[in-house]
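Undergrad: Quick one: the structure is below, and I'll ask about it shortly.
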Amino acid sequence: MSNQSIKGRVQKALDDFESNQLSLAALRDCIELNGNALEAMPYNLVKDIEEIEYQLTQCQFADEEGCEFSVKRTISFIENWLSNVPN
């Protein structure tokens, strides 16, 4: 499967999350699963996948505990990362 197809899946998951059709946990799972399938990834982008998973987990726990954690900032980070993933 090409990186472009994988990027499309992640973008769809982001869109579904932003339209409240996908949970935060499901978004994290999608990025983890698809992020590991990407090919020819520079090291910094591979490390960013780990950071994204961490941030989404923190957002999930913050939501459950009623704490303040910026989901919007994390989504912005994901969108920026996705734009840098090679096709």
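The values are calculated or read from the model by the stated rules, or taken from the named source; none is laboratory data. Please read all numbers here as calculations on a predicted model, not as lab measurements. Note that we place each Cβ from the backbone using ideal geometry, even for glycine, and neighbour counts take in every protein chain shown. Surface accessibility is based on the protein's heavy atoms, side chains included, excluding ligands, DNA and RNA. Shrake-Rupley method; radii C 1.70, N 1.55, O 1.52, S 1.80 Å.
Undergrad: Any chance you could count how many residues in the range 1-23 are open to solvent by 70 Å² or more (accessible area, probe 1.4 Å) and without any contact (Cβ under 8 Å) to a residue 60 or more places away in the chain?
TA: Of the range 1-23, the ones open to solvent by 70 Å² or more (accessible area, probe 1.4 Å) are 1, 4, 9, 12, 15, 18, 20-21.
Checking the rest, the ones that are also without any contact (Cβ under 8 Å) to a residue 60 or more places away in the chain come to 1, 9, 12, 15, 18, 20-21.
Count: 7.
Undergrad: Step by step: first the residues of the range 15-61, then only those that are among the hydroxyl-bearing types (Ser, Thr, Tyr) and part of a helix (DSSP H, G or I), then the one that is farthest from residue 73 (Cα to Cα). Which residue is that?
TA: Checking each candidate, the answer is 43.
Undergrad: Regarding residue 27, is this residue open to solvent by 50 Å² or more (accessible area, probe 1.4 Å) and either closer than 24 Å to residue 2 by Cα or in contact (Cβ under 8 Å) with a residue 24 or more places away in the chain (or both)?
TA: For residue 27, the condition - open to solvent by 50 Å² or more (accessible area, probe 1.4 Å) and either closer than 24 Å to residue 2 by Cα or in contact (Cβ under 8 Å) with a residue 24 or more places away in the chain (or both) - is not met.
Undergrad: Continuing with this model, one more query. Among 24, 14, which is in contact with a Leu (Cβ under 9 Å, 6 or more places away or on another chain) and more than 17 Å from residue 80 (Cβ to Cβ)?
TA: 24 is the lone residue from the list that is in contact with a Leu (Cβ under 9 Å, 6 or more places away or on another chain) and more than 17 Å from residue 80 (Cβ to Cβ).
Undergrad: Right, here's the next one. Please list, ordered by first then second residue, the pairs with beta carbon atoms under 7 Å, 6 or more apart or interchain, first in the range 76-87 and free of Cβ contacts under 8 Å to residues at least 40 places away in the same chain, second surrounded by 12 or more Cβ atoms within 10 Å (Cβ to Cβ).
TA: Short answer, once both residue conditions are applied: 77/52; 77/55; 81/45; 81/48; 81/52; 84/45.
Undergrad: For the structure I just gave you, tell me whether residue 73 is in a helix (DSSP H, G or I), free of Cβ contacts under 8 Å to residues at least 60 places away in the same chain, charged (D, E, K, R) and open to solvent by 60 Å² or more (accessible area, probe 1.4 Å).
TA: Yes, satisfied.
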